[in-house]
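What follows is a single structure, written as structure tokens, with notes after it.
The values are calculated or read from the model by the stated rules, or taken from the named source; none is laboratory data. None of the values given here were measured: they were computed from a predicted structure. Here the Cβ positions follow ideal geometry from the backbone for every residue, glycine too, while neighbour counts run over all protein chains shown. These accessible areas exclude ligands, DNA and RNA; they are computed on the full protein's heavy atoms, side chains included. Shrake-Rupley method; radii C 1.70, N 1.55, O 1.52, S 1.80 Å.
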Amino acid sequence: MTTKPKLLIVDGMALLFRSFFASAAMGHFIRLADGTPTNGAQGFVRHVLTAQSIMKPTHMAVCWDMGAHTFRNDLFDGYKANRPAPPEEMLPQFDMAKKLSQQIGWQNFGVKGMEADDLIGSMITKWQDEADITVISGDKDLLQLLRPSTEIAFTKKGYTEYDIYTHTRFKEEYRIEPTQFAQVKAFMGDTSDGYPGVKGIGPKQALTLIQTYGSIDKILESLGELKPGQRTKIQENLDMLKLSHELATIQTDVPIEADFASLALPSYEPHIFKEIEESGYTLIAKHARSLYSLI
């Protein structure tokens, strides 16, 4: 019996932001000699190195947003409009993190106008039969991407603790298929992403509706069966319900310009981390040596 390859897909944006704010809160910006802060970028790399040592993938991809504007902003002006701009100290670290990732030998992916989530969804669709897939992120929207061959590891604490969702666990907890999750989001909305869904319908009601009827279309066909208050809320917010569903749905057909073989993890040579150390990223070099016994 042959063992399937194991693909680790990293939500680079999620880990970079998480690493930045975890250390920035204590004022630890860890600057280079020229004063450029590195806390988020170094934290991101250390997190991925640790995840690799725990999960032992054979292949890996790192996904990024390519700027703040995506096709979802074209659909709805309010999409993510309530999010503050990244702090000044974080601005140089987006390119820094990608450059470090490339220097180590990891494959970066980003498509203008799409979010990292859309690339993750498209990779799962492309390679779900070829590999067992683990996605690392902090974004619960990704639950809709669960498949029998795919699990989502949500960051929990530090670099080592995760809340792991499998296809089976999701179905047991939510009693719907993962592909129906975007329809739940369409009713309940998402305050962090800035779309309201149906005003007055919260997470519990939204989930119950999809559990009961299976889809937005079936609910709209069955409006006469709903309580008058529920029916009125849906009728008054019909356009926003449909738009929210479009915004909540992760794209799974973005062209991924890579062969699976190109995602094979590199072997770590001491000189790579020596160069990284000499560039001022001492925490990364120290971390890599402790994990991978590099001399």
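Based on the mean of other beta carbon atoms within 10 Å per residue, what is the order of 104-111, 44-51, most packed first? The partial results should precede the final answer.
On the way: 104-111: 18.2, 44-51: 22.4.
Ranking, from highest mean packing down: 44-51, 104-111.
Each residue of the stretch 254-271 in turn: what ³J(HN,Hα) in whole Hz from Karplus with 6.51, -1.76, 1.60 and θ = phi - 60°, glycine and Pro shown as x?
6, x, 9, 8, 6, 8, 4, 4, 6, 8, 4, 5, x, 8, 7, 9, x, 5
Relative contact order for the stretch 14-127: what percent, with Cα pairs under 8 Å and sequence separation of 6 or more?
Numbers: 113 pairs, mean separation 36.6, N = 114.
RCO, the stretch 14-127: 32 percent.
Quickly work out the ALA85-to-LYS157 label distance, labels modelled 7 Å from Cα along the C-beta direction, and quote it in nm with one decimal.
3.7 nm
Give me the net charge of ASN237's neighbourhood, meaning all other residues with Cβ under 12 Å from the Cβ of ASN237; Lys, Arg count +1, Asp, Glu -1. Don't skip to the end; give the middle numbers.
Numbers: positive: LYS199, ARG231, LYS233, LYS242; negative: GLU236, ASP239.
Computed value for this residue: +2.
Can you tally the net charge around SER23? Count Lys and Arg as +1, Asp and Glu as -1, for every other residue whose Cβ sits under 13 Å from the Cβ of SER23. Before the final figure, lay out the partial values.
Working: positive: ARG18, ARG31, ARG46; negative: GLU89.
Within the 13 Å Cβ shell, the charges total +2.
Near the amide H of GLY138, under 5 Å away, which other amide H atoms are found, from residues 5 or more places off or on another chain, if H is placed in the peptide plane?
Amide H neighbours of GLY138, under 5 Å, 5+ apart: THR155.
What does the charge count near PHE260 come to, summing +1 for each Lys or Arg and -1 for each Asp or Glu among other residues with Cβ under 10 Å from its Cβ?
Details: positive: LYS126; negative: GLU130, ASP259.
With Lys, Arg at +1 and Asp, Glu at -1, the neighbours total -1.
Take every DSSP beta bridge whose two residues both sit in the stretch 49-190, then give the antiparallel share in percent to the nearest 5.
Working: 6 of 15 bridges.
Beta bridges within the stretch 49-190, antiparallel portion: roughly 40 percent.
Enumerate the amide H contacts of GLY113 below 5 Å, restricted to partners 5 or more residues apart or on another chain; note that Pro and chain-start residues carry no placed amide H.
Hits under the 5 Å cutoff: MET66.
Any idea of the accessible area per residue across the stretch 61-127, 1.4 Å probe, to the nearest Å²?
On the way: 3100 Å² over 67 residues.
It amounts to 46 Å² per residue over the stretch 61-127.
Given a 1.4 Å probe and the protein chains all in place, what does the accessible area of LYS156 round to, in Å² to the nearest 10?
Answer for LYS156: close to 130 Å² accessible.
Would you mind telling me the share, in percent, of accessible area of the chain contributed by carbon and sulfur at probe 1.4 angstrom?
Working: 7480 of 14260 Å².
C and S fraction of accessible area: 52 percent.
Taking 0.36 nm per residue of sequence separation and subtracting the Cα-Cα distance, how much length would be gained by fully extending the chain between ARG169 and LEU291, in nm to one decimal? All intermediate terms of the calculation are to be shown ahead of the outcome.
Details: separation 122, 0.36 × 122 = 43.92 nm, distance 3.09 nm.
Answer, rounded to one decimal: 40.8 nm.
Based on DSSP, what percent of beta bridges with both residues in the chain are antiparallel, to the nearest 5?
Details: 9 of 28 bridges.
Antiparallel bridges make up about 30 percent of those DSSP assigns within the chain.
Which whole-Hz ³J(HN,Hα) couplings does the stretch 95-111 yield from phi under the Karplus relation 6.51 cos²θ - 1.76 cosθ + 1.60, θ = phi - 60°, glycine and proline marked x?
My calculation for the stretch 95-111 gives 5, 4, 5, 5, 5, 4, 4, 5, 4, 6, x, 8, 8, 8, 9, x, 10 Hz in order.
Mind ranking 275-284, 184-193 by how tightly packed they are, going by the mean number of other C-beta atoms within 10 angstrom, highest first?
With the highest mean Cβ count within 10 Å placed first, the list reads 184-193, 275-284.
For the stretch 1-123, give the share of DSSP beta bridges that are antiparallel, in percent and rounded to the nearest 5; count only bridges with both residues there.
Numbers: 1 of 10 bridges.
Percent antiparallel among DSSP bridges in the stretch 1-123 is about 10.
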